[in-house]
1. Filter the range A:305-323 down to residues that are within 22 Å of residue A:264 (Cα to Cα) and surrounded by fewer than 17 Cβ atoms within 10 Å (Cβ to Cβ) and give me whichever is nearest to RNA strand B (Cβ to nearest atom).
2. Take the residues of the range A:258-297 that are touching a strand residue (DSSP E or B) at 6+ places or on another chain (Cβ under 6 Å) and in a helix (DSSP H, G or I): which is nearest to residue A:458 (Cα to Cα)?
3. Restricting attention to the range A:406-432, which residues are surrounded by fewer than 16 Cβ atoms within 10 Å (Cβ to Cβ) and within 15 Å of RNA strand B (Cβ to nearest atom)?
4. Scanning the range A:62-87 for residues that are in contact with a helix residue (DSSP H, G or I) (Cβ under 9 Å, 6 or more places away or on another chain) and part of a loop (DSSP other than H, G, I, E, B), which turns out nearest to RNA strand B (Cβ to nearest atom)?
5. Inspect the range A:512-528 for any residue being in contact (Cβ under 8 Å) with a residue 40 or more places away in the chain, within 11 Å of RNA strand B (Cβ to nearest atom) and under 30 Å from residue A:351 (Cβ atoms) and give the result as yes or no.
6. Mind checking which pairs have a first residue in the range A:309-333 that is in a helix (DSSP H, G or I) and a second that is away from RNA strand B (no atom under 14 Å from the Cβ), Cβ under 6 Å, 6 or more apart or different chains?
7. Can you find even one residue in the range A:123-136 that is surrounded by 16 or more Cβ atoms within 10 Å (Cβ to Cβ), under 32 Å from the mean Cα position of the chain (by Cα) and within 16 Å of RNA strand B (Cβ to nearest atom)?
8. Could you list, in sequence order, the residues of the range A:581-592 that are more than 9 Å from RNA strand B (Cβ to nearest atom) and outside any helix (DSSP H, G or I)?
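The values are calculated or read from the model by the stated rules, or taken from the named source; none is laboratory data. What you are looking at is a predicted structure, and each value in this text was computed from that prediction instead of being measured. Here the Cβ positions follow ideal geometry from the backbone for every residue, glycine too, while neighbour counts run over all protein chains shown.
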RNA sequence: GCCGAUGUAGCUCAAUGGUAGAGCAAUCGCCUUGUAAGUGAUAGGUUAUGGGUUCGAUUCCCAUCAUCGGCUCCA
């Protein structure tokens, strides 16, 4: 089951909704249509998911887009038959007979009979009834619920989307099945809206905008998952980092810088070679010593902490670094800026005394929220992950840390969900996720306790009692990684960054050649005042220049012609198309600088 | 990594078992322009890479690399 679906089910009553039944029913209709085409095909499971449904099949050959069209038309015929969904409770034995030639179903029946897992292979408490649903010429092992009949599905509100591989029961050791994804809605209008939303998401795709706006690229010759930041992308990053740095200095962080490689022994002590080895690159041998490219910054920060005796008077200590780390990611998971092999984490490690811990949590959460909001993310949700079965550190520390995390979430009135047992083995954590302009969720921040490293590195500080004590360590990535954050930023704004972040804040557009000199003057004035300005002195019509600036999503276009030259003015157009009319240069400057200062979105 | 698809000019895409074309972008002209594309010309490709089949491969086959949609795994 996907995390999204689980969340939805926890949040609302999707499972009881008509939409859920509709999608579940559509999945059955699709399975019937597929089996008619491939009578020897085997079916696995077909649940509703966010925005639609899928069904997994084991078929003799790969499906093609033409197959999907065929299946979809056949589905419409089945819907037209308007056959009733009939539920029947059966014994395990009966079920085995019905699905005698369906090995995946037999496996499911066994699970149901033993009563310890559901159809996804997840553990369940109660032993479920075994039920089947019949509709038209199809019988499925299914717990329901369904619509009354296939005819309740609107034939024009369904659409098959794509085929994808999926492991049986989500386990990569199991056979790979073919999964058909479909979408289904109550009305054609809703389907249309959904498809529009997909189109909209496509337009905002950071990979597409990254090319169009000349922000970044990936080169085959450099390597997959390794990002090349172009000047405009780098400018945005520079502005974002400068803001980030200023805020950190204001809020009691110390900056540190650490190398990109470290000796094998360090990674042994930290446990990375035990727990993170599959994400680390092969060692580099230097003078018979093995060094590893760093996948995380923590061991280095711990070494700085340990470079001296620390007193309780020094705590809390906050080390921050935008540390570039390298992680091996399997080739199939790379995705634009969102999943890469070389990334810069905006990392920090907090070290504090146990008594300071609740306050420190409060601080780091508040600080993180403020930064995220400054970047225009106001819809933020927290996920609290608690102690898993196998955990390092004493129970008491876990309990205190979890309580502190949850207290802070409550105090800040932040919407949150608890993922019981979802913490890392070394400590509980809070992840912050933001919803973007299209309502899509992205993970950015993570705030993690670490009970492991202080022990492994035997970190101490001297308490009032003169004795060494173990400090608490909190690991925090606020924006996450500069790469993923940038990707999220691009998609959130669809490339139309707020003016404070825009790589080019204004383009000066002279109407004819005789205005170029005046335009260049204006450009210089604005640049001197700190605005990022470009002069478009190409031998082109004004309309074409405006079009180009619009496509580049430049916040302001300053048109200058005869009238403006006479009045020492500029004519202002926003990228929204809004005309602000003719203004004195100084007035425009004041307006623009104010919007930069206020981090105005728009 | 796995399943499937894709890889042709900077970008978006055509075409073909007999050595490739369009639009946009680029370059050079002409036009001197008033709020989203003025106009003409030119240039641009060992068809991702490496093998194989063939008289001949960009086209068919295999491998590799990369990208896309998923699965699995995660900032």
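1. That would be A:306.
2. A:267
3. Selection gives A:421, A:425.
4. My answer is A:63.
5. no
6. What qualifies is A:312/A:353; A:312/A:461; A:312/A:463.
7. At the first step, the residues of the range A:123-136 found to be surrounded by 16 or more Cβ atoms within 10 Å (Cβ to Cβ) are A:130-136.
Then keep just the ones that are under 32 Å from the mean Cα position of the chain (by Cα); that gives none.
Scanning the range A:123-136 turns up no residue that is surrounded by 16 or more Cβ atoms within 10 Å (Cβ to Cβ), under 32 Å from the mean Cα position of the chain (by Cα) and within 16 Å of RNA strand B (Cβ to nearest atom).
8. Residues of the range A:581-592 that are more than 9 Å from RNA strand B (Cβ to nearest atom), as a first pass: A:583-592.
Residues satisfying the conditions are A:583, A:584.
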